[in-house]
């Protein structure tokens, strides 16, 4: 494959989570030619090389959001484990602990892709501003949609009038003769 095609594939896998550009462990492992399990084993064995600003584990909510937005991550929906997210530095460090030829070559392309994305945003501050405002609007819209769905659920639920008691009404007052 040409480098341009690889850079495009890599850039499609880079996500914005917690305000960081990251690549998930399953995508990184595929680029490095190893299994996700092997990649995560090496990260755990070399924990000192992976501080929190290099790699972090997604929360359950983040995992669901990523699965909903990324079709290629549908298999994560039923996984019991939460994926790890690698920043640019974490992806580079992962290549160093894997130390295979393919991992080293892929890490160079991944770092170039991160740099290219950073350069695009730096050269066009208006684009960066617009992306931020769109993201803020989407968060607000999500909250509004959630409240609308809740109102619709309440309106849709059947409300039965209180049941009337069958029989004679009995009063406790004494009947006067």
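Just so it is clear, none of the values below were taken in a lab; they were calculated from the coordinates. Note that this is a predicted model, so its numbers are computed, not measured. Quick reminder, even Gly has a Cβ in these numbers, built from the backbone with ideal geometry, and neighbours come from all protein chains shown.
Estimated from helices alone, the mean residue ellipticity of the chain at 222 nm is -19500 deg cm²/dmol (sum of -39500 (n - 2.57) over DSSP H runs with n ≥ 4, per residue). Principal-axis analysis of the Cα atoms of the chain puts helix 125-156 at an angle of about 30° to the longest axis. With R₀ fixed at 45 Å, the C-beta to C-beta distance from residue 49 to residue 72 puts the FRET efficiency at about 0.95.
Calculate how steeply helix 60-69 sits against the longest principal axis of the alpha-carbon atoms of the chain, using the helix alpha-carbon long axis, and give the answer as 0 to 90 degrees to the nearest 10. The answer is roughly 80 degrees. The calculated FRET efficiency for the pair residue 65 and residue 120, based on their C-beta separation and a Förster distance of 22 Å, comes to about 0.40.
Compared with the dominant principal axis of the Cα atoms in the chain, helix 101-123 is inclined by about 70°. Fully extending the segment from residue 146 to residue 38 would add 35.0 nm, taking 0.36 nm per residue of separation and subtracting the current Cα-Cα distance. Measuring spread by the Cα atoms of the chain yields a radius of gyration and Dmax of 27.0, 108 Å. Taking the chain as a Gaussian network of alpha-carbon nodes connected by springs under 10 Å, the highest mean-square fluctuation of the residues 94, 30, 106 belongs to 30. Of 47, 18, 153, the residue with the greatest mean-square motion in the GNM of the chain, using alpha carbon springs below 10 Å, is 153.
Within the listed set 64, 131, 152, the residue fluctuating most in the Gaussian network model of the chain (springs between alpha-carbon atoms under 10 angstrom) is 152. Relative to the current alpha-carbon distance between residue 18 and residue 79, full extension at 0.36 nm per residue lengthens the span by 19.8 nm.
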